[in-house]
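Chemist: Got a structure for you, questions after.
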Amino acid sequence: MSIDLKNIRFLVVEDQPQAMLLLTTILKELGAVEVYTANDGETALNLLGSAEDLFDIILCDWMMPRVSGFEVLRFVRSEKMDIPFVMITANVDAKSVMLARGSGVNAYITKPYKLENIVSTLSDIIRQM
């Protein structure tokens with residue numbers, strides 16, 4: 001399956017350096033040119049608050065210190081940002097899924113990452129954009 005990511009501006013929020021490197025490498029190998037990163041939720045909030053319309057898709061880890069991915073999601077939706085938001089998490093229990101869905105998450109990618117899941121999720125989101 002092939003997807004065109006060259007015109008998509010990504011924000012990747014991940015506090016684990018190895019996971020960040022893996023995800024950004026995958027995006028770039030899939031053709032992404034603009035991949036911005038934040039190593040915690042606080043940095044992500046600063047980027048989102050200072051740059052309207054800078055990002056097309058957000059991929060954000062749920063479990064991070066200080067400011068969680070869920071808090072980043074709530075900020076994005078409270079500011080009426082219509083940016084597709086993909087939660088990256090090991091939290092796949094029903095309560096977490098319902099909480100995120102009810103708060104406006106567009107999709108999940110579970111850890112550990114699988115290339116097929118990333119491609120499928122991004123393809124679905126791009127079709128809806």
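We did not get these values from a lab; they are worked out from the coordinates using the rules stated. What you are looking at is a predicted structure, and each value in this text was computed from that prediction instead of being measured. Here the Cβ is made from the backbone with ideal geometry for all residues, glycine too, and neighbour counts use every protein chain on show.
Chemist: I'd like to verify something in the chain: which complete DSSP H helices, judged by Cα projection on the helix axis, reach 15 Å or more and average at least 1.6 on the Kyte-Doolittle scale?
Modeler: The answer is none, since no helix passes both cut-offs.
Chemist: Follow-up question, since we're still on this one. LYS111: which lysines have alpha carbons under 22 Å from its alpha carbon, excluding same-chain residues fewer than 8 sequence positions away?
Modeler: Straight-line reach from LYS111, under 22 Å: LYS28, LYS95.
Chemist: To check you understand DSSP bridge types, tell me what percent of the beta bridges within the stretch 9-128 (both residues inside) are antiparallel, rounded to 5.
Modeler: 0
Chemist: Please build a GNM for the chain, connecting alpha carbons under 10 Å apart, and tell me which residue among MET64, MET87, MET98 fluctuates the most.
Modeler: Most flexible of the set in this elastic network: MET98.
Chemist: Let me ask another. Highest GNM mean-square fluctuation, the chain, Cα pairs closer than 10 Å: which of GLY31, GLY102, GLY69?
Modeler: GLY102
Chemist: First select every other residue whose beta carbon is under 13 angstrom from the beta carbon of SER68; then total the charges, Lys and Arg +1, Asp and Glu -1.
Modeler: Once positives and negatives cancel, what remains is -4.
Chemist: Continuing with the same structure: Where does each of GLU116, GLU42 land when they are ranked from fewest to most other beta-carbon atoms within 10 angstrom?
Modeler: GLU116, GLU42
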